[in-house]
1. Please name all residue pairs, on different chains or six or more residues apart, with Cβ atoms under 7 Å, provided the first residue is in the stretch 108-131 and is free of Cβ contacts under 8 Å to residues at least 60 places away in the same chain and the second residue is in a helix (DSSP H, G or I) and among the charged types (D, E, K, R).
2. Six or more apart or on different chains, Cβ under 8 Å: which pairs go from a residue in the stretch 203-226 that's in contact (Cβ under 8 Å) with a residue 12 or more places away in the chain and closer than 20 Å to residue 312 by Cβ to one that's open to solvent by less than 40 Å² (accessible area, probe 1.4 Å) and among the aliphatic types (A, V, I, L, M)? Could you list them?
3. Could you look through the stretch 145-192, keep only residues that are without any contact (Cβ under 8 Å) to a residue 60 or more places away in the chain and small (Gly, Ala, Ser), and pick out the one that is surrounded by the most Cβ atoms within 10 Å (Cβ to Cβ)?
4. For the stretch 11-110, which fully contained strands (runs of 3 or more DSSP E) count at least 2 residues that are touching a Phe, Trp or Tyr at 6+ places or on another chain (Cβ under 6 Å)?
5. Would you please name the residue that is nearest to residue 377 (Cα to Cα), looking only at residues in the stretch 352-366 that are of a type in the set (A, V, I, L, M) and part of a loop (DSSP other than H, G, I, E, B)?
6. Just for the stretch 265-286: of the residues that are assigned to a strand (DSSP E or B) and among the hydrophobic types (A, V, I, L, M, F, W, C), which one is farthest from residue 143 (Cα to Cα)?
7. Being out of contact with any helix residue (DSSP H, G or I) (no Cβ under 9 Å at 6 or more places or on another chain) and either of a type in the set (D, E, K, R) or over 21 Å from residue 37 (Cα atoms) (or both) is true for just one of 127, 82. Which residue is that?
8. Determine the pairs where a residue that is under 20 Å from residue 311 (Cα atoms), located within the stretch 326-341, has a partner that is β-branched (Val, Ile, Thr) with Cβ atoms under 6 Å apart, the partner being 6 or more residues away or on another chain.
Amino acid sequence: MTPSKNNDRRPAGVLGFLRDIVRLQSTPGEEAQVVGRVVAEMHRLGYEEAYVDDAGNAVGRVGQGSPVLLIDSHIDTIPMHSPGKWTHDPLSADIDDERIWGLGTCDMKGSAAASVYGVAELAAAGSIAGTVYVVCSIAEEMMEGATLRSTVEACAPDIVIIGEPTDLRVCNGQRGRAKIEVDLTGRACHAGHPSVGLNAAERMAELISAVARLEHPTHPELGGRSITCIDLHSEPYPSVSTVPDRCRARFDARFGPDDTADSLVELIAAQARVWEALDDRPEMNVHVFVTEFETYTGQLYAVPEFAPAWYTDPDSALVQTALDAVDRAGIAPELATYSFCTNGSLTAGTLGIPTIGFGVGREQDAHTVDESIEIAQLHRAVSGFRSLAGALTARSRHELTAA
């Protein structure tokens, strides 16, 4: 490792801005300071509008007219984790080994900072033909797209860039994500006479095994569907010599564009066939889990955890223009897809807005101990966002949204 360059002098420009927002804790419900800092920087950089909208997202606008591009990067992070294992304090924004370290650098304050600066540079050069909104959104870690929806609807973009980390590649899709909850109801009895009851935990174990044996389709670009048990709980717990009469399991499903919430629920419910030979079967309820949370603005959300897959044609004008734009910014024009879920599930999957991804950092570095990004890549991302915004707003709405 090279010696740390940390001192009292803050680096100028995008790096200094990124260090500022990394040092501000912004787990879901605690994003207010970061949002305020982003809006202040947008004002300082000359955005025509910069404000906190009703959902609590930071929004900046430059340009006017058609087409309308929206660039979204969420600035909330996962909670602090793995205490004692970080070699750089998660809120230090240390600069070391030509990297910036800290919670949320990769996921995804690096892209937030780069997009704010890239679009500001483009506006200062007078090179925007349409409208660009830069959004730094909240609570994505609670549920993809939940708090972003009203912002997107208010801005009415023709096209969207999601700033999740791509290692500066252009991403044109992702698998969907859903959390499916299964409740079984059996019959309690004394554990010394188990045949008197109906053991909900044992029946659930059989259901989980049946789900694990399922064969899944594969999308040629996005990959295969998977359904994995991630939570399991029986009642009464702890048991006092009692056969459990209730058991709950939750499954994480990752899937392609052909799956819906109903199709996934039906698929798991169909595995009840594992009990066909039994005379005594548990009651079963299968449904999409509803997540509930409150934002720092006091808004309450109750949202089904179903985020659809999306896929943008690699031959479309949007993707081809984006690849050409990053090439002209000195970035290799590589195409990829996300392995995890993003706010693109809202923009493309739910609202049908043509969407791509472009961001700083490697996807596999998100949510890790000693999260970091390369400083050189941060600066290249600024150029990338500037070039993308310029190239995409130079095309007509019809060209960019054509199927």
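The values are calculated or read from the model by the stated rules, or taken from the named source; none is laboratory data. It should be emphasised that the depicted structure is a prediction, and the values quoted were computed from it without experimental measurement. In this analysis, Cβ positions are derived from the backbone assuming ideal geometry, glycine residues included, and neighbour counts consider all displayed protein chains. Accessible surface is based on the protein model in full, side chains and every heavy atom, while ligands, DNA and RNA are left aside. Shrake-Rupley method; radii C 1.70, N 1.55, O 1.52, S 1.80 Å.
1. Between residues of the stretch 108-131 that are free of Cβ contacts under 8 Å to residues at least 60 places away in the same chain and residues that are in a helix (DSSP H, G or I) and among the charged types (D, E, K, R), there is no close pair.
2. Correct list of pairs: 219/309; 222/309; 225/253.
3. 188
4. The strands (runs of 3 or more DSSP E) meeting that bar are 58-63.
5. This residue is 360.
6. 284
7. Just one listed residue meets the conditions, 82.
8. 333/326; 335/170
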